[in-house]
Amino acid sequence: MKALLILLILASNGYFLLSQNINTANISDCGTPFNLENYNRQKVNSSNSRLLVNPDSKLGVNVKVHFVRKNDGSGAKYNHSILNNLEIGLSNKFKDYNILFDIIGYTNINNTTYFDYDIVVDPNVSLFNINNDPNVINIYILNRAQVFTGLINGRAKDIPSNAFLITYDALFTTTMQHEMGHCLNLYHTFQGTATNTSGCAELVPSVLPNCEECGDLVCDTPADANTGRTGMYNPDIQNFMSYYRETRNRFTNGQKNRMLQTFYDENVVARTMNLHGNLYSSKKLACRGDGVTVSYNLNELPAGVTFSNWELSINAAPIWRNNTSVTFYLPSNSPYPSDMIYVTGYFRDRFNNVIKAKISVEFLSRNTPTPFHVATYSSSPNSGYQTLNNTTFCTNIDNGQYIYIRFNKRLKNISMNKTVGDAFINAGDRTIDGYDYMIYIPSANQYNFFQLTGTDICTGDLKNSNECIWLPRSRYVLGYIKNDEVQVELDDISLNIDHLTSRTTPNSEVKIQAYNEYGKKLLLSEISFDLNHIKFNTSYSGLIILKIIGSDQSVQTLKILK
């Protein structure tokens, strides 16, 4: 009857829908059961018609991960080393919906029965009772899971609930967001509309809207028969709660509201909440003796949540506290070794669950430590950082790449001095995530350097790094050596002499400088230069970096072994 009604409506309005071929995922993507009692109860409490939650509220969700392995502890494709990536991945997908995740722990479950899990013979899914923490979302990662219809990638305990299972192979796919969505009270977009699904079908299009009582109970997700964009259906094939796995990457605003509302409606989810992201500090880095204030924004608290009290770590000296903020400092003569002060705010929800919000502040000594480095640098964000504590020739830096620089955390008012050579003419400094500077070094036959400057936030002292020098396109040549005299023949060396001097240019307009491999400038005497050779005297033995500066300030370099 519904299809006939929609067909008549479309025909009377002159609508013609073209079928779109799409690779719809197999229904084995998810084995989450349908709970008719919950579904009927939630029709009345649809987040679209009764939004008690503050849409600007910020929520954290505590998570615990359980790695299911064989009896002997083998078989797991991942272990606890991936927890940080898992936490970041989940938070990145949900942060636009004001939900973040904190993985607070993990366990190992050595049980071959659950490693390759046949839920057909265990319909009550007893795995969800093992190590289950009622105050977190429990994620069980296993090798395979099978239900009556076949293998599945994941399954939530219920909608809503505090647990779901997922296979190792699906761990870093959109199945993770899909199953978490079920725990946070989201149904499939095709619930009740697709063949062989329970619930009631959502009308298409919403000429006679029933989205608050049927389908997935969310009104801004189009009706979906799990057949793609065919016939009269035009589903959101990018929705995490659909079965279009190849394209899904988002929730809707209605789904966001429904998830946030669940923390007010459902205690099973509310008790997993934290409010770490709701605390703000006037300073994340302070000097000993300075006062710091931590507060929260009342407008960002979830509905039904009220403040209870503050707690400071033992090394903090409190100044003032009330129901919205607390001010404290770390004394200069504190007997405690830790430079970190931890602040915990305690809140309660309407179920009287205790909800924690935590933040930390680091305090620095008033005295600048010795030794002190202004910055570290690297030629790759994934490689080791070298300290800029002496004038040095920066190693492992090539033309046509970036240099990543991190300043000492004590410094503010950061600035950079750099050469005016070609290497920096078109290369602006720019900040990127995790780095203070990222500098591009284009190809250039130039001598280049940069020097970094900042002000110590505790002493006010100006701090300068020494020069970081690199010599692109340097060449090794063998000098003729007699005692302290070095002579370099230029006949077979491809120096661009025209840029340095000419036959009519006096030698006095050409400057010769030399450095050792550590960047220390060498003392030269009896220097002479013409088109055929360079001569100079130096008592230094070893690698010599020769810098030749022409009358037009162009620079070329040679490496000489003495």
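The values are calculated or read from the model by the stated rules, or taken from the named source; none is laboratory data. Predicted, not measured: the structure shown is a model, and the values here were computed from it. Ideal geometry is used to build each Cβ from the backbone, glycine not excepted, and the neighbour counts take in all protein chains shown. When the accessible area is computed, the model is the full protein with side chains, heavy atoms only, and any ligands, DNA or RNA have been set aside. Shrake-Rupley method; radii C 1.70, N 1.55, O 1.52, S 1.80 Å.
Residue 246 label point, 7 Å along Cα→Cβ, cut-off 18 Å on backbone N: hits in the range 139-181?
173-175
Probe of 1.4 angstrom, ligands and nucleic acids ignored: what's the accessible area per residue over the range 287-352, in square angstrom?
Accessible area per residue: 51 Å².
Beta carbons within 10 angstrom, averaged per residue: use that to sort the peptides 74-80, 302-308, 214-220, highest first.
Listed from highest to lowest mean packing, they are 214-220, 302-308, 74-80.
Go ahead and run the numbers for FRET between residue 406 and residue 484, Cβ-Cβ distance against an R0 of 60 Å, rounding to 0.05.
After rounding, the FRET efficiency stands at 0.90.
Give 58/409; 43/95; 284/358; 256/283; 521/559; 283/409 a once-over and call out the pairs whose C-alpha atoms are over 21 Å from each other.
Checking Cα-Cα distances, 58/409; 43/95; 256/283 exceed 21 Å.
Please compute the length gained on full extension between residue 360 and residue 282, using 0.36 nm multiplied by the number of residues separating them and subtracting their Cα-Cα distance. Mind dumping the intermediate values first?
On the way: separation 78, 0.36 × 78 = 28.08 nm, distance 1.14 nm.
Once the chain is fully extended between residue 360 and residue 282, it gains 26.9 nm.
Short version: ³J(HN,Hα) in whole Hz for each residue of the range 65-80, in order, from phi by Karplus 6.51 cos²θ - 1.76 cosθ + 1.60 (θ = phi - 60°), x for Gly and Pro, what are they?
Along the range 65-80, the couplings run 10, 10, 8, 8, 10, 6, 3, 8, x, 9, x, 5, 7, 9, 9, 4 Hz.
Could you calculate, for the range 268-355, the ratio of the Cα radius of gyration to the Kirkwood radius, expressed as Rg to Rh?
1.02
Would you work out the Kirkwood radius for the range 153-263? I mean one over the mean of 1/r across all pairs of different Cα atoms, in Å.
Details: mean 1/r = 0.0712 Å⁻¹.
Taking every pair of different Cα atoms in the range 153-263, averaging 1/r and inverting gives 14.0 Å.
Round to the nearest 0.05 the FRET efficiency obtained for residue 126 and residue 336 when R0 = 45 Å and r is the Cβ-Cβ distance.
0.45
Cα centroids of the range 257-274 and the range 222-243: how far apart, whole angstrom?
27 Å
Would you pull out the residues with amide H under 5 Å of residue 364's amide H, same chain only if 5 or more places away, H placed 1.01 Å from N?
Close amide H contacts, sequence-distant or interchain: 286, 287, 288.
Could you name the lysines in cross-link range of residue 77, using Cα to Cα under 26 Å and dropping any fewer than eight places away on the same chain?
Result set, ordered by chain and number: 64, 93, 157.
Give a residue-ordered list of calculated ³J(HN,Hα) values for the range 118-124 (Karplus: 6.51 cos²θ - 1.76 cosθ + 1.60, θ = phi - 60°; whole Hz; x for Gly, Pro).
Running phi through 6.51 cos²θ - 1.76 cosθ + 1.60 with θ = phi - 60° gives 9, 6, 4, 8, 9, x, 7 Hz.
Whole-Hz ³J(HN,Hα) for each residue in the range 213-222, computed from phi via Karplus 6.51 cos²θ - 1.76 cosθ + 1.60 with θ = phi - 60°, x for glycine and proline: what do you get?
10, 9, x, 8, 6, 10, 8, 9, 9, x
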